[in-house]
Amino acid sequence: MNTKPYAESCDRNREPILAVLQRYLGGAGSALEIGSGTGQHAVYFAREMPWLRWQASDHRDHLPGIRQWLEEAALPNTPPAIELQAVVGASPGLQPLPMLPQAEGETGFDAIFTANTLHIMGWDNVQALFAGLPALMAPDAVFIAYGPFNYGGTFTSDSNQHFDGWLKARDPRSGIRDFEAVDALAHAQGLTLRDDVAMPANNRMLIWQRLRA
């Protein structure tokens with residue numbers, strides 16, 4: 001019998017994250033999670049927000065583990081997890097493009113969420129992720145990112161500085177991102193920062209919104 005993948009951090013941070021998500025997703029019908037990892041967040045958030053269709057996604061290698069969590073929970077608002085990656089190249093973006101939800105004549109997800117991904121992937125992949133957001137977002141949709149960030153090029157805590165060193169020793173392409181650089185990527189894609197919420201363990205929740213033209 002296969003053991004489901006498990007990350008202790010997901011259990012630690014899920015309640016504070018949920019409290020912020022509920023403030024912004026009360027009127028949303030669909031959400032795409034980029035980098036669902038183990039699948040724990042998908043199950044927890046979908047259970048706590050039953051009005052929301054929560055679409056998990058990740059690299060194909062993670063899909064079997066996510067499937068275990070989703071199938072065990074058997075929630076009506078969690079469709080099968082899909083493959084999705086930030087692809088670098090001549091046309092950077094998120095691929096393969098998923099089937100988009102449609103409501104009232106609009107196509108796209110009402111919300112896109114990602115947790116603890118931007119400091120794991122290389123900066124070129126971060127750029128590709130942001131480049132791919134508009135094709136997946138409904139008008140007025142929000143993009144919400146959770147994780148550690150630097151401000152003014154400075155670490156917000158000693159623990160974040162140590163974590164950044166650990167990340168770079170593991171993969172030189174990774175590292176805690178500067179808020180200003182990430183916000184510039186969002187702005188270039190037509191997203192406006194709505195909130196920057198302090199979270200436990202020196203993390204942040206950044207909420208951007210896509211504004212109608």
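The values are calculated or read from the model by the stated rules, or taken from the named source; none is laboratory data. This is a predicted model, so every value here is computed, not measured. A quick note on method: Cβ atoms are made from the backbone with ideal geometry, for glycine too, and the neighbour counts reach across all protein chains shown. Remember, those area values only see protein heavy atoms, side chains included, never the ligands or the DNA or RNA. Shrake-Rupley method; radii C 1.70, N 1.55, O 1.52, S 1.80 Å.
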Have a look at the range 1-105 and give its Rg and Dmax from the Cα atoms, expressed in angstrom.
14.2, 45
Hey, how many Å between the Cα centroid of the range 62-120 and the Cα centroid of the range 126-174?
18
If every Lys and Arg gets +1 and every Asp and Glu gets -1 at its Cβ, then about the Cα centre the chain yields a dipole, in debye to the nearest 20, of 80
Taking every alpha carbon pair in the chain and sorting the distances into 5 angstrom bins from 0 up to the bin holding the longest one, the percent per bin comes out as 1, 7, 15, 20, 22, 18, 11, 5, 1, 0, 0
Neighbourhood net charge (10 Å Cβ-Cβ; Lys/Arg +1, Asp/Glu -1) for G27
-2
At q = 0.18, 0.19, 0.24 1/Å the base-10 log of I(q)/I(0) from the Debye formula over the alpha-carbon atoms of the range 127-213 is -0.82, -0.89, -1.19
Hey, any idea what % of the chain's accessible area is carbon plus sulfur with a 1.4 Å probe?
51
Cα gyration tensor, the range 7-69 - rounded (a/c under 1.5), prolate or oblate:
oblate
In debye to the nearest 20, the charge dipole size for the range 27-123, taken about the Cα centre with +1 at each Lys and Arg Cβ and -1 at each Asp and Glu Cβ, equals 100
When Lys and Arg each count +1 and Asp and Glu each count -1, what net charge do the other residues less than 12 Å away from L167, Cβ to Cβ, add up to?
+2
Lys/Arg Cβ at +1, Asp/Glu Cβ at -1, dipole of the range 1-134 taken about the Cα centre: which of A73, L118, V87 is farthest positive-ward?
A73
Quick check: with the 1.4 Å probe, what order do W54, W123 take by accessible area, largest first?
W123, W54
Tell me the GluC sites (Glu not before Pro) within the range 1-110 that lie in a loop according to DSSP and have at most 12 other beta-carbon atoms within 10 Å.
E104
With the 1.4 Å probe rolled over protein heavy atoms, the range 1-66 has an accessible area per residue in Å² of 47
Per residue, how many Å² of accessible area does the range 68-112 show with a 1.4 Å probe?
59
Descending accessible area (1.4 Å probe), largest on the left, turns I207, I82 into I82, I207
Computed [θ] at 222 nm, helices only, for the chain once each DSSP H run of length n ≥ 4 contributes -39500 (n - 2.57):
-10000 deg cm²/dmol
